[in-house]
Structure formats: structure tokens, C-alpha cells
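First comes the structure, then the notes that go with it.
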Amino acid sequence: MRAEPIGAPCTFHGEGPFWDDVRRSLLVVDMLAGDVVRLDGTGAPVRSHVGDVAAVVRARAEGGYVLALERGFALADEDLSVTDQITVLGDASARMNDGGCDPQGRFYCGTMAYDVAPGAGSLYRLDTDRTVTTVLDGVTISNGLQWSVDGSLAYYNDTPTGRVDVFDVDPGTGAFSGRRPFAVVPDDAGKPDGMAVDAEGGIWIALWEGGRVHRYDADGALTEVVELPVSRTTACTFGGPDGRTLFVTSSRIGVTEAAEPLAGAVFAIDAGVAGAVQHAYAG
Ligand code: CA
């Protein structure tokens with residue numbers, strides 16, 4: 001499989017790709033710029049500034065978007081203008097980082113401390129009535145979070161562990177239990193960052209400093225390795241007209257343009273499989 005850049009680099013720290021099925025375009029976050037960047041495959045990328053940090057963007061079932069910003073959640077209208085904010089973090093020592101929506105329409109996002117203090121991060125859930133619950137404590141760099149096709153499992157990366165973990169999910173409450181390793185990533189392949197799930201139950205993991213994406217089957221066996229021309233691959237998602245393109249974001253933090261001219265670009269891979277359904281926030 002080949003990864004092709006979509007135009008020139010359009011982010012400094014690209015993350016959180018999301019296929020916007022309503023507008024038939026790809027959204028990514030330029031996280032530390034606080035921007036959501038829309039790529040429709042025709043014109044120049046369109047940037048929307050949403051806050052000091054733009055961590056995650058997903059659709060709302062009723063239209064518009066749900067966001068994770070630096071210190072909490074937010075709702076935005078169809079033009080990505082923020083209309084409501086729900087503050088979660090009480091001080092500026094940490095920020096929101098990565099997350100997603102479950103099949104019941106709840107939105108989750110995890111955090112990391114700015115100084116990357118071990119165990120200082122948490123994972124939070126925004127329920128459809130807009131209450132916020134702590135799902136996990138004691139994590140360091142909360143990343144990923146995708147659900148199995150049947151919704152019974154949640155896959156999760158606390159990046160420094162070098163593992164992809166899996167939880168059992170209570171669909172009624174959204175509670176997680178039974179955390180266990182799903183896959184262990186060798187040190188020389190990079191650290192597990194963002195993820196996507198395909199319709200056959202495969203888990204695609206972007207590997208920070210690995211310059212690659214791994215696919216694991218539902219049993220945790222490594223079935224694909226896709227190499228990219230950038231080292232800091234950050235996250236991936238399925239999209240495109242037929243849902244079979246895997247989009248991968250990248251970062252140029254700590255990377256020189258001379259060494260990696262494509263760092264910060266978004267890449268497209270013909271994955272040969274469709275993505276699983278991406279869920280919208282139902283609140
Ligand atoms: Ca990440």
C-alpha cells in the first residue's frame with residue numbers, strides 16, 4: 001500500500017482526522033494552532049479557528065459539530081463557530097488530546113499534562129445530556145479510542161505504554177471494564193497514537209516516530225504495515241466517497257523541513273477495506 005500526500009503540508013501538528021460525510025470532505029485539526037482544517041480535495045484547505053487548542057472534531061447528529069478544545073468540550077454550528085463550551089479541566093497544566101464518539105452517541109476525550117507528567121492524564125465522557133464523567137485516571141498521553149463494529153469493545157492507547165489496550169464496554173452506561181493488552185508495538189516501530197477501525201474488525205494504529213501505520217486483525221495479529229515519508233505520523237481515519245481511503249495526519253514538531261519536507265501533510269492510502277461507521281454526538 002502506498003501513502004500519497006494530499007497537497008502540501010497544511011498543519012504544524014496535524015491530528016484528529018474525521019471524514020465529514022455531510023460535507024463530503026476531510027476535517028483535521030492543527031492542534032496547537034487551535035484550527036480545524038477542511039480539505040475537500042479541490043481547492044486550498046479552509047481553516048476555522050475554534051480555540052487555543054483544537055483536539056478533536058466530530059459530527060453532531062442534529063447538525064454542526066462537537067469539539068474537544070484545550071480545557072473541555074464545545075459545540076459548534078455548521079460553520080464551525082463555537083456556540084457552547086463545557087469546561088472540564090480546572091487549570092492550565094493539561095490539555096485535551098484525542099477521543100471519539102461511541103455507538104450510543106456519547107463523546108469521549110482524554111488528556112495529557114503539558115509537561116507529560118506520568119499518570120497525570122484522564123479520559124472523560126460527555127454524555128448526551130452534557131454531563132461529564134471521568135472514565136479513566138492515571139494515564140499519561142491519552143490517545144485513540146475507537147469501538148469495535150458491534151460496540152462491545154473499546155480500543156485505547158496510552159501512548160508511552162507502547163500498547164494498544166482493549167476494554168469491555170457497557171453499552172447502557174458507557175462504562176469501561178476489563179482493561180487488557182490487545183497488541184504490543186515494538187519500540188523500533190514507534191509509539192501508538194491515533195487509530196481507526198475497519199468494517200472487518202481491523203484496527204489501524206498510527207505510530208508516532210514510527211513513520212508508519214499498523215493494521216491488527218480482531219485477534220491482535222499484525223496484518224499490514226504501511227510506511228510513510230514522515231516520522232511523526234499521528235492519527236488516521238477512514239473516508240472518501242466509498243469510505244475505503246485511510247487518511248493519515250502527521251506533525252512537524254521537532255522535525256526540520258529539510259529532513260522531512262512532507263511533515264505536517266495529510267496522506268491518503270487506498271486501504272482495500274471500508275471503514276467502520278463513525279458515530280455522531282447525539283447530545
Ligand atoms: Ca495523538
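The values are calculated or read from the model by the stated rules, or taken from the named source; none is laboratory data. Computed from a predicted structure; not experimentally measured. Here the Cβ positions follow ideal geometry from the backbone for every residue, glycine too, while neighbour counts run over all protein chains shown. SASA here: full protein model, heavy atoms, side chains in, ligands and nucleic acids out. Shrake-Rupley method; radii C 1.70, N 1.55, O 1.52, S 1.80 Å.
Identify the residue in segment 188-200 that is more than 14 Å from P160 (Cα to Cα) and in a strand (DSSP E or B) and, among all such residues, is farthest from the ligand (Cβ to nearest atom). Before you say what the answer is, go through the steps one by one.
The first filter runs over segment 188-200 and keeps only residues more than 14 Å from P160 (Cα to Cα), leaving 195-200.
Retained after the next criterion (residues that are in a strand (DSSP E or B)): 195-198.
On the way: M195: 10, A196: 13, V197: 16, D198: 19 Å.
This residue is D198.
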Among E224, E209, which is the only one that is over 17 Å from the mean Cα position of the chain (by Cα), of a type outside the set (V, I, T) and modelled with pLDDT of 95 or more?
E224
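So is S81 closer than 28 Å to R212 by Cβ and of a type outside the set (K, R) or not?
On the way: closer than 28 Å to R212 by Cβ: no; of a type outside the set (K, R): yes.
Spelling it out, it is not the case that S81 is closer than 28 Å to R212 by Cβ and of a type outside the set (K, R).
Take the residues in segment 1-46 that are in a loop (DSSP other than H, G, I, E, B) and within 16 Å of the ligand (Cβ to nearest atom), then tell me which one is surrounded by the most Cβ atoms within 10 Å (Cβ to Cβ). Reasoning before the result, please.
Filtering segment 1-46 down to residues in a loop (DSSP other than H, G, I, E, B) leaves 1-2, 6-12, 21-24, 34, 40-45.
Within this subset, residues satisfying the condition of being within 16 Å of the ligand (Cβ to nearest atom) are 11-12, 34.
Numbers: T11: 25, F12: 15, G34: 18.
Residue satisfying both the conditions and the ranking: T11.
Which strands (runs of 3 or more DSSP E) does segment 201-266 wholly contain that include 1 or more residues that are within 14 Å of the ligand (Cβ to nearest atom)? Full working, then the answer.
Values: elements: 203-208, 212-216, 222-227, 233-239, 245-250.
In segment 201-266, 203-208, 212-216, 233-239, 245-250 are the strands (runs of 3 or more DSSP E) which contain 1 or more residues that are within 14 Å of the ligand (Cβ to nearest atom).
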Say we look at segment 63-104 and pick out the residues that are of a type in the set (S, T, Y) and farther than 13 Å from R125 by Cα; which of these is surrounded by the most Cβ atoms within 10 Å (Cβ to Cβ)?
Y65
Could you figure out which of (1) under 14 Å from the mean Cα position of the chain (by Cα); (2) surrounded by fewer than 20 Cβ atoms within 10 Å (Cβ to Cβ) isn't true of H49?
(1)
Among the residues of segment 52-62, the number that are farther than 20 Å from G121 by Cα and surrounded by fewer than 19 Cβ atoms within 10 Å (Cβ to Cβ) is 2
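Residues that are open to solvent by 50 Å² or more (accessible area, probe 1.4 Å) and away from the ligand (no atom under 16 Å from the Cβ): list the strands (runs of 3 or more DSSP E) wholly contained in segment 105-176 that include at least 1 such residues. Steps first, please.
Details: elements: 107-113, 121-126, 132-139, 142-147, 153-158, 163-169.
Per the criteria, 132-139, 163-169.
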